[in-house]
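Some notes on the structure that comes next.
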2 protein chains.
Amino acid sequence: MASSKLKINSGRLNDTLQSTCTSWGALSAPSSGMCRLTLSREDKDVRDWLVAECKGLGCDIKVDQMGNIFAVRPGTAKDRRAIAMGSHLDTQPAGGRYDGILGVQAALEVLRTLHDNDVATHCPIALVDWTNEEGARFPGAMMASGVWSTKSSTPLEACWDTQDKEGMRMKQVLEDVGYLGETKCDYRDNGLECHFELHIEQGPILEREGKSVGVVTSVQGMKWFAVRVEGVEGHSGTTPMPGRSDALVTASRLITAVRDTALKTELGVATVGVIKSDTSSQATIPAGIEFIIDIRCSTDELVEQLATEIFKAFSSIITSENNGTSYTIQRTWDLPESRFHPRCIDAVWTSALEAVGEDQMIDMKSRAGHDSAWTSRVCPTSMVFVPSKDGISHNPNEYTSPEHCALGAQILLDAVLRYDEKVKAGEY
Amino acid sequence: MASSKLKINSGRLNDTLQSTCTSWGALSAPSSGMCRLTLSREDKDVRDWLVAECKGLGCDIKVDQMGNIFAVRPGTAKDRRAIAMGSHLDTQPAGGRYDGILGVQAALEVLRTLHDNDVATHCPIALVDWTNEEGARFPGAMMASGVWSTKSSTPLEACWDTQDKEGMRMKQVLEDVGYLGETKCDYRDNGLECHFELHIEQGPILEREGKSVGVVTSVQGMKWFAVRVEGVEGHSGTTPMPGRSDALVTASRLITAVRDTALKTELGVATVGVIKSDTSSQATIPAGIEFIIDIRCSTDELVEQLATEIFKAFSSIITSENNGTSYTIQRTWDLPESRFHPRCIDAVWTSALEAVGEDQMIDMKSRAGHDSAWTSRVCPTSMVFVPSKDGISHNPNEYTSPEHCALGAQILLDAVLRYDEKVKAGEY
């Protein structure tokens, strides 16, 4: 088959990835980290560059109402939607050079390889840069792929209305940076044949098992809960210890219970990543503490179970403390469990097998959310994972070797071509 | 004696206190709270008003290098320093109308009463407004009385150099608002005969015991420690529960231990009022958490003991957790225990006895720091406490009844006149 003859250019892929990171969003040396918040100056600049590159490869560019960029290389069939390779170019405030970025750069390398080799595919082949995957500037991770899929609980207008810390509304920012497109952000108007995504694992499993490739079969379910603990403010010197209603002490017990419950029940993972206090006085007993619990399990039922266990623990803490503090819980966000499509899983699996052999690959469940979780709800989808050094991600020390980046890009190319051949052959 | 004939004007005192709070620093209605940060526009305005009022009563005004205002009503003796009534006009960002403010307003009412009645005292009588008692804008509580006493570990130049959140240096701000005075901020150059301070209790004891007046005999010792917990950042979805180095989970256990140790040992009070995380991402395991411990006990030895017990608990938590997190402790601030002077305690005690009778008064230890803790190191000092409703302070709901405010002012007047008579009689 064609795929076995085409080779992506590893040097070009890695050089482009590193140089564009250095140009747009790099943290100060010696850190190799990134701060490329969605729709920031840096994100606009790398988008502009990407659009120009893709145009140079003969792609048609569509930008939708959420700023998602679809760079489509035409195929020979006129009645087929594009086989997409999507991911995101935005990062956490102190993130790395691979989370999301590798997927888009690998997709560009695939387009370059097809272009250099004058490959005529049956389906159009698309690179997609999904807006605001991180949710680090405008709250709501995987925001724009969620809108596109129409399955997210936050529809277009609500997303447009979200504000960053400076109070800027997303729609205004999209317009300001020139990425408020006219294409409808809806898969029914601007659909895809299928969606492949190369991503770093962001966890330690591949490295620990000594594997090079993860064939991703599903994304675990996740839910976020905002907890607010209320106590009674008081002077730290004059309020006797008995009878204090210290919201931070209660919050500390609850946060400990989140960890202990997840560890003990082994139902999944639960994390408190953000904590905020109403008070900024060192001499005041805190009266209001807010924190967010992030719960992820392999199925939605397990998410429910773990949440129930955690809140049971909360309730018994409050009862046994009996110190006048109280709490409220609000569900803020969720991403139901996603099962990927056998056709896409097969394309990735077969390509990985060819590239590295069975010893070097495993089936995996993604423990992080990805744009593919949303696309999988409306078109066949799967993902390729490559190893993360020490399992570190969302951190300047995030690292994936050039060899693994290239391997992932090669498998992405091969999977796309395999899927295209099946379509051409009338099998899909 | 003269004191038994002079009566302060309760209506005038309370009207002036309320109207100046409403004019300068009131939080939006319906709150009766205050935000009058030191040397802010509001603080400058109330200072300007205070200076004008005191000049109208025939006082000489001195402003020192830290902006402390000394309004001195001359006495008949030319060789005596002033008997002072001091407190502060600044508040916490969300404070009340009584903490500090009552002491200064009562001092003004005393000056007005002396003026109205044409009383000629032997010693000069001074009102003192101490700068930045709260430490809420420029870090360092009781800052300017500490400099004046020369016993604080933070000398003049270091205080001038502190910055507020906007990066404004204190010396510049003092100059900008017109309160960078030329008088040396040093008790050896600008001394006082003695120092009385009326203050709200800021705790629940008077109210609980059904008393109207506390005769304050000492201020407990206090120390602050900054704790930093370090862990390893990681993705909340992809990092398995075992093996996480979650700084927030460890910090939560430490914060719980602060409370539990203070409660169990009964050595004093210990509070964590401020907590900060390096991370603001909901999907990241926190790698850096900072919090501040405020420890207060009746003696310095007990402060040391309680700190030792807390840090012993920390050490055993880290050992038993063994999760790769670690912490550092830095001592940031302290105020050693202060014992007030028998002469001043006697003046307050006798005046309180006369005003309310023995049933309505108790000896007390102050559990909050006050400017009097510093003055007591260099001149005879004592304080009068009046009740705080529900023990609440550093909070918009802080409240002391008009009757109790007036009672405190009357005792302040009587104590000052008593002390003056003893000096005149050659006893002191």
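The values are calculated or read from the model by the stated rules, or taken from the named source; none is laboratory data. All values reported here derive from a predicted model rather than from experimental measurement. Glycine also receives a Cβ, built like all others from the backbone with ideal geometry; neighbour counts cover every protein chain displayed.
With the condition kept exactly as written, say whether any residue in the range B:411-425 is at pLDDT 95 or above, over 20 Å from B:Gly33 (Cα atoms), surrounded by fewer than 18 Cβ atoms within 10 Å (Cβ to Cβ) and basic (Lys, Arg).
Yes, the range B:411-425 contains at least one residue that is at pLDDT 95 or above, over 20 Å from B:Gly33 (Cα atoms), surrounded by fewer than 18 Cβ atoms within 10 Å (Cβ to Cβ) and basic (Lys, Arg).
Answer yes or no as to whether A:Thr299 is of a type in the set (S, T, N, Q), at pLDDT below 95 and under 30 Å from A:His370 (Cβ atoms).
Answer is yes for this residue.
Within the range B:198-234, take every residue that is β-branched (Val, Ile, Thr) and in a strand (DSSP E or B) and give me the one that is surrounded by the most Cβ atoms within 10 Å (Cβ to Cβ).
Taking the range B:198-234 first, the residues β-branched (Val, Ile, Thr) are B:200, B:205, B:213, B:215-217, B:219, B:227, B:229, B:232.
If we keep only those that are in a strand (DSSP E or B) too, we end up with B:200, B:213, B:215-217, B:219, B:227, B:229.
On the way: B:Ile200: 31, B:Val213: 27, B:Val215: 25, B:Val216: 25, B:Thr217: 20, B:Val219: 28, B:Val227: 22, B:Val229: 28.
Among residues in the range B:198-234 that are β-branched (Val, Ile, Thr) and in a strand (DSSP E or B), the one surrounded by the most Cβ atoms within 10 Å (Cβ to Cβ) is B:Ile200.
Quick check: is even one residue across the range B:197-214 hydroxyl-bearing (Ser, Thr, Tyr) and within 22 Å of B:Val348 (Cα to Cα)? Give the derivation first.
So the first thing to find is which residues in the range B:197-214 are hydroxyl-bearing (Ser, Thr, Tyr), and the list is B:212.
Remaining after also requiring within 22 Å of B:Val348 (Cα to Cα): B:212.
Yes, the range B:197-214 contains at least one residue that is hydroxyl-bearing (Ser, Thr, Tyr) and within 22 Å of B:Val348 (Cα to Cα).
Results for (1) hydrophobic (A, V, I, L, M, F, W, C); (2) crowded, with 23+ Cβ neighbours inside 10 Å; (3) touching a residue at least 40 places away in the same chain (Cβ under 8 Å), shown as yes or no for each residue.
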{"position": "B:Thr256", "(1), (2), (3)": "no, no, no"}
{"position": "B:Gln282", "(1), (2), (3)": "no, no, yes"}
{"position": "B:Pro286", "(1), (2), (3)": "no, yes, yes"}
{"position": "B:Cys297", "(1), (2), (3)": "yes, yes, yes"}
{"position": "B:Ile310", "(1), (2), (3)": "yes, yes, yes"}
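Report, by residue number, each residue of the range A:271-289 that is more than 25 Å from the chain's Cα centre (by Cα) and under 16 Å from B:Ile292 (Cβ atoms).
Of the range A:271-289, the ones more than 25 Å from the chain's Cα centre (by Cα) are A:277-289.
Selection gives A:Ser277, A:Asp278, A:Thr279, A:Ser280, A:Ser281, A:Gln282, A:Ala283, A:Thr284, A:Ile285, A:Pro286, A:Ile289.
Answer yes or no as to whether B:Lys62 is assigned to a helix (DSSP H, G or I), over 20 Å from the mean Cα position of the chain (by Cα) and closer than 25 Å to B:Asp116 by Cβ.
When the stated conditions are applied, B:Lys62 does not pass them.
Determine which member of the set A:Gly56, A:Gly67, A:Gly75 is more than 20 Å from B:Thr284 (Cα to Cα), away from chain B (no Cβ under 14 Å), within 18 Å of the chain's Cα centre (by Cα) and not polar (S, T, N, Q).
A:Gly67
Conditions (1) in contact with a strand residue (DSSP E or B) (Cβ under 7 Å, 6 or more places away or on another chain); (2) closer than 22 Å to A:Gly273 by Cβ; (3) in a helix (DSSP H, G or I); (4) not assigned by TED's automatic domain parsing to the domain that holds A:Arg47, marked per residue:
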{"residue": "A:Asp99", "(1), (2), (3), (4)": "yes, yes, no, no"}
{"residue": "A:Ala106", "(1), (2), (3), (4)": "yes, no, yes, no"}
{"residue": "A:Thr113", "(1), (2), (3), (4)": "no, no, yes, no"}
{"residue": "A:Val119", "(1), (2), (3), (4)": "no, no, no, no"}
{"residue": "A:Cys123", "(1), (2), (3), (4)": "yes, no, no, no"}
{"residue": "A:Leu127", "(1), (2), (3), (4)": "yes, no, no, no"}
{"residue": "A:Pro139", "(1), (2), (3), (4)": "no, yes, no, no"}
{"residue": "A:Val147", "(1), (2), (3), (4)": "no, no, yes, no"}
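Give the residues of the range A:265-312 that are assigned to a helix (DSSP H, G or I) and touching an Asp or Glu at 6+ places or on another chain (Cβ under 7 Å), sorted by residue number.
Within the range A:265-312, A:Thr265, A:Asp300 qualify.
Out of B:Glu358, B:Glu321, which single residue is of a type in the set (D, E, K, R) and within 14 Å of chain A (Cβ to nearest Cβ)?
It is B:Glu321.
Every residue in the range B:245-270 that is over 30 Å from the mean Cα position of the chain (by Cα) and at the interface with another protein chain (Cβ under 8 Å from one of its Cβ atoms), please. Please lay out each step first, then the result.
Quick first cut of the range B:245-270, residues over 30 Å from the mean Cα position of the chain (by Cα) only: B:245-250, B:253.
Those that are over 30 Å from the mean Cα position of the chain (by Cα) and at the interface with another protein chain (Cβ under 8 Å from one of its Cβ atoms): B:Asp246, B:Leu248, B:Val249, B:Arg253.
Report whether or not B:Thr131 is assigned to a loop (DSSP other than H, G, I, E, B), under 20 Å from the mean Cα position of the chain (by Cα) and in contact (Cβ under 8 Å) with a residue 40 or more places away in the chain.
yes
Search the range A:258-276 for residues being modelled with pLDDT of 95 or more and small (Gly, Ala, Ser), and hand back the single one that is surrounded by the most Cβ atoms within 10 Å (Cβ to Cβ).
Among those that are modelled with pLDDT of 95 or more and small (Gly, Ala, Ser), it is A:Ala270.
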